[in-house]
Amino acid sequence: MDIDLNADLGEGFGPWRMGEDEALLEIVSSANVACGFHAGDPVIMDRTVRMAQARGVDVGAHVGFPDLLGFGRRQMQIDPAELATYVTYQLGALAGMARSAGHRMTHMSFHGALGNMAAADAELAGPLVRAVAAFDADLIISSSASRAIEDAAERCGLRVATTFLADRACDDQGLLVPRKLPDSVIHDREAVLARVRQLLDDGTVLSYSGKKIPMKVRSILLHGDTPGAVALARAVREIVEAAGKVVPISRQLAT
């Protein structure tokens with residue numbers, strides 16, 4: 001079994017840093033890099049891409065709402081056509097940083113509230129995914145389970161790598177439940193590891209309601225901004241390596 005280990009990185013701003021990017025880059029096989037809208041700035045983007053390039057880690061654009069104060073986790077009502085230009089802008093920023101570092105952008109993902117809204121709304125997912133396809137039809141969309149995003153990607157001829165968020169609860173359709181709900185973010189280390197083992201053992205996860213649902217994934221996302229993130233990431237990698245190999249999605253879906 002080939003599984004990508006993925007993390008959201010570059011989420012500081014100016015002199016403020018979030019998470020332990022250097023340590024996580026020794027563990028993961030791909031990174032979603034903040035593009036300056038929900039977090040990050042040009043210097044942080046450049047540094048993160050270069051660190052990833054030196055370690056052979058794939059990089060992708062982590063595209064969010066223009067919401068530095070809210071870390072991109074607040075819903076914003078913006079015309080989809082305007083949002084599509086925000087997507088293009090952020091893709092271009094990360095692609096440029098990667099190119100200047102001698103690296104390449106292999107994938108993209110939608111961050112926070114933008115990702116949750118697109119995953120649940122086909123009318124929003126459509127124009128955003130089309131913007132990705134128009135920018136680079138070879139990009140892979142890394143997304144939590146979402147029929148809206150998967151269908152939009154299929155219409156555009158884009159590849160999607162379903163990603164399991166080990167520390168985030170999902171509903172019976174596999175969509176992430178709102179963070180305002182109790183236990184929507186799973187902080188217990190053993191509970192997170194048990195979810196990973198279940199996923200790898202039988203291809204299922206327990207939904208927020210307690211239902212066992214099938215989930216076929218290519219990637220496991222590790223949040224780097226939570227306490228104990230590096231130790232947890234190492235433990236997840238050990239579980240994956242016991243069941244198979246850690247392989248970035250760009251190699252899994254190579255054309």
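The values are calculated or read from the model by the stated rules, or taken from the named source; none is laboratory data. This is a predicted model, so every value here is computed, not measured. No Cβ is skipped: glycine too gets one built from the backbone with ideal geometry, and neighbour counts run over all protein chains shown.
If Arg17 passes every condition in (1) modelled with pLDDT of 95 or more; (2) out of contact with any helix residue (DSSP H, G or I) (no Cβ under 6 Å at 6 or more places or on another chain) but one, which one does it miss?
(1)
Does the stretch 57-75 contain at least one residue that is over 21 Å from Ala7 (Cβ atoms) and loosely packed, with under 14 Cβ neighbours inside 10 Å?
Scanning the stretch 57-75, I find at least one residue that is over 21 Å from Ala7 (Cβ atoms) and loosely packed, with under 14 Cβ neighbours inside 10 Å, so the answer is yes.
Quick one: Asp79 ticks every box in (1) buried (at least 20 other Cβ atoms within 10 Å of the Cβ); (2) farther than 18 Å from Arg104 by Cα bar one, so which box is it?
Just one mismatch for Asp79, condition (1).
Give the residues of the stretch 145-194 that are assigned to a loop (DSSP other than H, G, I, E, B), touching a Ser or Thr at 6+ places or on another chain (Cβ under 9 Å) and among the small types (Gly, Ala, Ser), sorted by residue number.
Ala145, Ser146, Ala169, Gly174
Which members of the stretch 157-198 meet the condition of being of a type in the set (Asp, Glu), closer than 24 Å to Ala231 by Cβ and surrounded by 14 or more Cβ atoms within 10 Å (Cβ to Cβ)?
Asp167
For the stretch 74-82, state whether one or more residues are β-branched (Val, Ile, Thr), touching a Phe, Trp or Tyr at 6+ places or on another chain (Cβ under 8 Å) and closer than 17 Å to Ala31 by Cα.
no
Suppose the filter is more than 20 Å from the chain's Cα centre (by Cα) and at positive phi; does Gly174 pass it?
no
Looking at Gly70, is it among the small types (Gly, Ala, Ser) and either at pLDDT below 95 or more than 23 Å from Leu165 (Cα to Cα) (or both)?
no
Does Asp225 count as without any contact (Cβ under 8 Å) to a residue 40 or more places away in the chain and either of a type outside the set (Ser, Thr, Tyr) or closer than 17 Å to Ala145 by Cα (or both)?
It is false that Asp225 is without any contact (Cβ under 8 Å) to a residue 40 or more places away in the chain and either of a type outside the set (Ser, Thr, Tyr) or closer than 17 Å to Ala145 by Cα (or both).
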